[in-house]
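Structure first, commentary second.
The values are calculated or read from the model by the stated rules, or taken from the named source; none is laboratory data. On a predicted model such as this, the values are computed, not experimentally measured, just so you know. With ideal geometry, Cβ positions are generated from the backbone for all residues, glycine too; neighbour counts draw on all protein chains shown. Just the protein is used for accessible areas: all its heavy atoms, side chains included, with ligands, DNA and RNA removed. Shrake-Rupley method; radii C 1.70, N 1.55, O 1.52, S 1.80 Å.
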Amino acid sequence: MHSQRFNEKKSLCTSASTVAAAGFAYATLINDAALAAKFKFSYTALFKQFDEELGPAVQNIHDDANAIVVALTAFGITPAILTSLQNAKNNYTAKVEAPRNAVAQRKAYKTQLVTLFKETITLLKTQLDKLALQLKATEPDFFITYTNNRTIVNEPTSHTEAAGTAKDSVTNAALLVVNHQPKIISHSFR
């Protein structure tokens, strides 16, 4: 996966530097130093940029070239080449952002799970436990079973864990890995 992104970065830098070179040549031909400065990007300069910087740099090259695409046709740059560069940049940027987005999404899911656990415990304590008391006299077997199931008993040397993986429905990528060791929960029905 890493080598695929590395190869895509090389390809993107090659395409962007080719467009930049044509733009620089055109700007030099018409003696426009400000325009030439916009296209002063070599393959090496682009490739050395961090992933977060490369996307915007390539976008600037694309946009500046698109503004003078008619003039750049004589230098081998066509609208189709610029469209291809835009698509390559979009694809690369999406792949760069995907791991960061997954981390943020996992953090959000973890926060949401903690909230849901707290809400569930509150629901059990404030409503179900209180309603179960009504059955203590009429359904003692049910009440005993309920109270036994509401108590998690752990010896100090053993652990109860909830484990699992939540996956993205589209990419099947792991979004959240849960490995939670709950505290000992005991409840008194008084």
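So what is the accessible area of the range 1-104 per residue, in Å², with the probe set to 1.4 Å? Normalised by residue count, the accessible surface of the range 1-104 is 57 Å². Is there a pair in K107/K130; K10/K107; K10/K40; K40/K95; K10/K38 whose C-alpha atoms are over 28 Å apart, and which pairs would that be? Long pairs (Cα-Cα over 28 Å): K107/K130; K10/K107. Here's the picture: charge each Lys and Arg Cβ at +1 and each Asp and Glu Cβ at -1 in the range 1-113, and of L12, L82, Y92 the one pushed furthest to the positive end of that dipole is Y92.
If R0 is 30 Å, what FRET efficiency do you get for D63 and K107 from their C-beta distance, rounded to 0.05?
0.35
Fully extending the segment from F50 to K10 would add 13.1 nm, taking 0.36 nm per residue of separation and subtracting the current Cα-Cα distance.
At a Förster distance of 41 Å, what's the computed FRET efficiency of T126 paired with T171, Cβ-Cβ distance as r, to 0.05? It would help to have the intermediate numbers written out before the result.
Details: r = 40 Å, r/R0 = 0.97.
Efficiency, rounded to the nearest 0.05: 0.55.
At full extension, D141 and T83 could sit 13.7 nm farther apart than now, given 0.36 nm per residue minus the alpha carbon distance.
Across the range 27-33, rounded Karplus estimates of 3J(HN,Hα) from the backbone phi angles (6.51 cos²θ - 1.76 cosθ + 1.60, θ = phi - 60°) give 4, 5, 4, 9, 6, 10, 5 Hz, Gly and Pro being marked x.
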